[in-house]
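One structure is given here, and the rest of the page talks about it.
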Amino acid sequence: MTEKPQLFGTDGIRGRAGEYPLDRRTLFHLGAAIANVLARHRTGKPPHLLLGRDTRESSPWIAGTVAAGLESAGACVINAGILTTPAVAFLVREHGWDAGVVVSASHNPYTDNGVKVLASSGIKLSEDWEIEIEEELTRARQLSVSTAEPDGDCDHHPASRLAEELKGEYLRWLVRLAPGTAALRRLRCVVDCANGAASELAPKLLEQLGIEAHILHASPDGRNINQACGSVHPEEMARRTAREGADLGVAFDGDADRAIFAARNGQVLNGDIVLYVSALERKRRDALPHNLVVGTLMTNFAVELALAQHGIALRRAAVGDKYVLEEMLRSGAEVGGEASGHIIFASVARGGDGFVTFLEVLRLVVESGKRLEQLAAGLHLFPQIIRNVRVAEKPPLESLEELQRAIEDCRRQIGARGRVVVRYSGTEPLARVMVEAEDATLVEHHARRIAQAIEASLGVQRIGRERN
C-alpha cells in the first residue's frame, strides 16, 4: 500500500474538468469505488450518501456521473443540488448518512473542478480510506475494457422539494448559532458570494438575521465563480465596505468553506487575523482550552509572537484544514485555521465553514462593542510574500541543490524573526514559496531568488504572488 494518496490531495480530487481524473469514465468508476469501499466498511449494507455541488458549468454533469457510478454499485444518493461544502458536512452528520460528496474546486477558476468526499462525521476522509478508494478505482479501470463514456443519468437532477428542505435545515442551524441581540440587527454588512454555492444561502441567512446587507457577486452563470471576486479577490468587497460605511464585509470562496473579512476602514483581515482575535476573545471568556490555538506552517510569525504575549501558544500543522483539524483533535484546541480563511471552531463544526466564521466574527463585534479594526489593532503582520511556481513534476524538494542553497542563504539573512517555507500545493501543480520577516526588502529579494531556483530546476511558469 502506498504511503500517500495519489489522486486525493489536501482537498479531494482536483483537476481540469473533462480531463483525467475528471473525465466521465474515471468519475463513473470513482463513484462506484466510493460506494464499494463504504459498503465494505458497513459489512455489505448499501451506503446512503448526500451529494452537493457548486455553480461551475461542469458541476452538474460531474455530479451526475459520480451519482450514476455510486448507484451502479448499490448506493442510495440524495442529491441536494447546489450546496456549500460545510452544509453537506453538517447534514451528513445530522442525519447519520454514510458519507457526503461535494463537486467543487473551491477557490479555483471555473475551468477546474473537483470531488470531495466527507466521512459520516462530516470531516474529510482519512488518508487510509482515500488510498482504499484509489485502489478500488484502479482495479475498476483495469477491468473496464470499454473506452466509451458510461451510461447513466448524468444530469441526475435533485428532488427540488427535498433539496430545499435540506437547505432550510442548515440555515435554521446557522440562525441558532447567531448572537440573539438587537445590536446584531443594527449591523450593516457587505457580503461577497463569489458567484458560488453561497449565492442563494447567504442572502437568505442575512434576511433571517435581520441584518442589512449589500450582496455582491451572487449571480452565477457557470463561468464567473471566483472571477475577480470572493475570498481570493476581496478587494472590491473591502472597497465597498469602506464606501458604504458598513460595519464589516465578508467574502466567501466558491464552496463557502473560507471567509475573508474587511473592516469599516477597508482593511482586509485574513484568516490569521481572525484566528488571533478569536483566540483573545475566547481567552477573555475562559473558553480557550489549554490556552492553545492551531495554525499551519504558513501562519504569519507575527501571530505566534502576539499570541505569546497573551499567554497563548500557537501549534503549527501542515497546510490544509484537514491537517489543522487533526492537530486540534490531538491537542484539544478549540480554535484553529489558515490565513486563506479556513477557520475551525471545534465545538461548533469539524471543518472550515465560512458562514460559521462570519457569525463568530459578528459575535465578537456585537459582544465587544468594538469595530473589527479595533479588535485587530494589537496585531501587526510581518511582511510576507507567497510566490507560486507552476511545475510539471514534484520531485523531493530536498533533492534540488540550487533551491536548498537559496533557502539556506535566506534563513541566514532573515534570522530568528523570520521564516521561509517551500512546499508543493496539495491541490494544484504548483510549488509555493513563502518568505516573511520584519524587513520587507529582504522578503522580496529572497522570495524572488527562491522562486527562480525552482524555475531553474523544474518550473514551468511563475504565476503570481500574494503579499501580506
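For the reader, a short list of remarks on this structure follows.
- Residues that are of a type in the set (D, E, K, R) and surrounded by fewer than 24 Cβ atoms within 10 Å (Cβ to Cβ) within segment 55-103 comprise 57, 71, 93, 94, 98, listed in sequence order.
- Any hit, segment 265-272, residues being part of a helix (DSSP H, G or I) and under 22 Å from residue 183 (Cα atoms): no
- Qualifying residue in segment 204-222 (condition: surrounded by 20 or more Cβ atoms within 10 Å (Cβ to Cβ), among the basic types (Lys, Arg) and outside any loop (DSSP other than H, G, I, E, B)): no
- Among the residues listed as 401, 360, 367, the single one being outside the structural domain of residue 283 (by TED's automatic domain parsing) and not aliphatic (A, V, I, L, M): 401
Conditions (1) over 16 Å from residue 98 (Cα atoms); (2) within 25 Å of the chain's Cα centre (by Cα); (3) part of a strand (DSSP E or B); (4) among the charged types (D, E, K, R), marked per residue:
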| site | (1), (2), (3), (4) |
| --- | --- |
| 13 | yes, yes, yes, no |
| 18 | yes, yes, no, no |
| 21 | yes, yes, no, no |
| 26 | yes, yes, no, no |
| 29 | yes, no, no, no |
| 38 | no, yes, no, no |
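- Residue in segment 240-258 that is modelled with pLDDT of 95 or more, surrounded by fewer than 24 Cβ atoms within 10 Å (Cβ to Cβ) and under 20 Å from the mean Cα position of the chain (by Cα) present: no
The values are calculated or read from the model by the stated rules, or taken from the named source; none is laboratory data. What you are looking at is a predicted structure, and each value in this text was computed from that prediction instead of being measured. Virtual Cβ from ideal backbone geometry, glycine too; neighbours counted across all protein chains shown.
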